[in-house]
Amino acid sequence: MKKITSLIGISAILGGCASMAPTEVSQVENDISLAKGGTGTFGEYVLHAQQADCDAASAQQHLDIAKHYDGQLLGSSASHLAEAQAAAQSALGHRREADAVLAGLQNSWDNKLAALESRVAANEGMLNRHHEKMTISNAPTGTAIRLEGVHFSFNSDSLTSESKTYLDSVVPEILERGPNAKLEVAGHSDNTGSREYNVGLSQQRADTVRDYLVSRGVSAENIRSAGYGPDSPVADNSTNEGRALNRRVDLVLN
């Protein structure tokens, strides 16, 4: 009776391990499937390896229990352990094959990413050189040039002395576009506060810049002003840096 009870206990140990299928295996299988563009096998390899490891562990438990009884169970347990260990070695081979596939994919991704980053850097360099050469006097029609040197106090439309000095340097470039060149001073804001308030403040700031340029010789008939408030952001308003970039005055060359 004691031997029969032990056999039942061993069967429960072996059976309890056979149904393991970790969610991590499914996730890895899905990732590899997406990378390959088809049905992946890496998850299957890992599942087989884990199942075989589990079988081996269960057989070892079988062997340990059997050692407490007679030699009749010992031979059966040892045989089962050998089979489970062989299965684990086979599954380990599959795992290594899948690891090699994954390593190859990773290397391919790394190469593609490096090439993409190189192209991005080259494009940024070209863009920077373009902006360095482009001025108000030679920029094509439709270009919006940020007036980088224009700043206002908080909730104010009064130009700082530094802003006036900056605008003084801009006037000759505007005049170089000729007497018929049309311009728009466009005021923009971040999204802090109500839209109505921001549209009004951006309009006042645009008006201030326009009036200053007219006072320095730009034709009043050729330059208009408009306030767009937060409607045309150029950066993320969720960060301080982004909001600072969105608070701006552009000169649109029409």
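The values are calculated or read from the model by the stated rules, or taken from the named source; none is laboratory data. It should be emphasised that the depicted structure is a prediction, and the values quoted were computed from it without experimental measurement. With ideal geometry, Cβ positions are generated from the backbone for all residues, glycine too; neighbour counts draw on all protein chains shown.
Got at least one residue in the stretch 231-250 being under 24 Å from G142 (Cβ atoms) and more than 32 Å from the chain's Cα centre (by Cα)?
Within the stretch 231-250, not a single residue is under 24 Å from G142 (Cβ atoms) and more than 32 Å from the chain's Cα centre (by Cα).
Can you tell me which of (1) crowded, with 17+ Cβ neighbours inside 10 Å; (2) farther than 20 Å from L253 by Cβ; (3) touching a Ser or Thr at 6+ places or on another chain (Cβ under 9 Å) is the one D190 doesn't meet?
It fails just one condition, (3).
Could you check, for the stretch 205-220, whether at least one of its residues is more than 17 Å from V252 (Cα to Cα) and among the polar types (S, T, N, Q)?
Within the stretch 205-220 (the criterion being more than 17 Å from V252 (Cα to Cα) and among the polar types (S, T, N, Q)), the answer is yes, since at least one residue qualifies.
If we keep just the residues of the stretch 89-130 that are charged (D, E, K, R) and under 20 Å from C54 (Cα atoms), which is modelled with the highest pLDDT?
R96
At pLDDT 80 or above, closer than 19 Å to A57 by Cα and either charged (D, E, K, R) or out of contact with any Ser or Thr (no Cβ under 9 Å at 6 or more places or on another chain) (or both): which single residue out of A86, A82 fits that description?
Matching residue, one of A86, A82: A86.
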